Amino acid sequence: MGGVLRVAQKIRLEDRECPLSATLGLVGEWWTLLILHDAFDGYSRFDQFQENLGISSSLLTSRLKRMVGAGLLERRQYQANPARYEYLLTELGRSLRPVVVALAAWGNTRLAAHERSMVLVDAQTGAEAEPVIVDRATGRRVDGPDFVFTAGPAASRPFQDRYAAHPKPRQP
C-alpha cells in the first residue's frame, strides 16, 4: 500500500483515490510496460533488457529499482563475482500480463494484418487470438454500455457524487 500512496502523491488531489490514476502512476510510463513485456517473454537479466530495448544503463537501472520497489519484480543474485542480478516477475508483476496483452491487441487493431510486428497466438495451434475482457461471473464482455463504474465503499463525497446515477454495488 505504501507504494501506491507514494505514487498517489504525484497525482492531482482529486484523482488520488481513483484506481486508474494510481495504477498509471505506477505502470503508465512506457519503459515500464516494455520491461514488463520483455519479462513476460522470458528476459530477466539487465543486459538482456538493455540490448532488447536499447535503453540507457541509467534509465534502465532507475526503472528496475522502481519496479522492484513497487513489488512488480524481484531482484535476485545469480552470480557472486562480479555480483550480477536477475529481475524476476512477482505474482503482482505477472498479474499485469492481461493489461499488456490488451494494450498490444488494441495497438494491432489500428494496423493492417501485414503491418503487425507481433501478434498473440495460441501456443499449441498458432491460431491468432483476439483477447477480450469478460466478467468472471457471467462471461459477458465488460467493454460495452452494460457495465459502468460506480462508487465503491471507500469513495469520497466527490466520487459518490460523480457516480450517484449509477447502481450501487451489491454486498456479498
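Descriptive notes on the structure:
- Long-range neighbours under 7 Å by Cβ, at least six apart or interchain, first residue surrounded by 19 or more Cβ atoms within 10 Å (Cβ to Cβ) within region 60-87, second part of a strand (DSSP E or B) and aliphatic (A, V, I, L, M): Leu64/Leu73; Met67/Leu73; Leu73/Leu88; Leu73/Leu89; Tyr87/Leu73
- When residues of region 153-167 are limited to those that are touching a Phe, Trp or Tyr at 6+ places or on another chain (Cβ under 8 Å) and of a type outside the set (A, V, I, L, M), the one surrounded by the most Cβ atoms within 10 Å (Cβ to Cβ): Tyr163
- Total residues in region 15-38, condition over 12 Å from the mean Cα position of the chain (by Cα) and assigned to a helix (DSSP H, G or I): 4
- Residues that are among the hydrophobic types (A, V, I, L, M, F, W, C) and within 13 Å of Pro19 (Cβ to Cβ) were ranked within region 149-172; the one that is nearest to the chain's Cα centre (by Cα) is Phe149.
- For region 58-172, the helices (runs of 4 or more DSSP H) that sit wholly inside it and include 2 or more residues that are within 16 Å of Thr32 (Cα to Cα) and modelled with pLDDT under 95 are 97-109.
- Whichever residue in region 105-132 is in contact with a Leu (Cβ under 7 Å, 6 or more places away or on another chain) and within 22 Å of Leu24 (Cβ to Cβ) and, among such residues, is surrounded by the fewest Cβ atoms within 10 Å (Cβ to Cβ): Pro131
- Where a residue in region 159-172 is among the hydroxyl-bearing types (Ser, Thr, Tyr) and its partner, wherever it lies, is assigned to a helix (DSSP H, G or I) and surrounded by 11 or more Cβ atoms within 10 Å (Cβ to Cβ), with Cβ under 8 Å and at least six apart: none
- Residue list for region 39-57, restricted to those being in contact with a strand residue (DSSP E or B) (Cβ under 8 Å, 6 or more places away or on another chain) and either part of a helix (DSSP H, G or I) or under 21 Å from Gly107 (Cβ atoms) (or both): Ala39, Phe40, Phe46, Phe49
The values are calculated or read from the model by the stated rules, or taken from the named source; none is laboratory data. Since we're looking at a predicted model, the values are computed, not measured. All Cβ positions, even for glycine, are placed from backbone atoms using ideal geometry, and neighbour counts span all protein chains on display.
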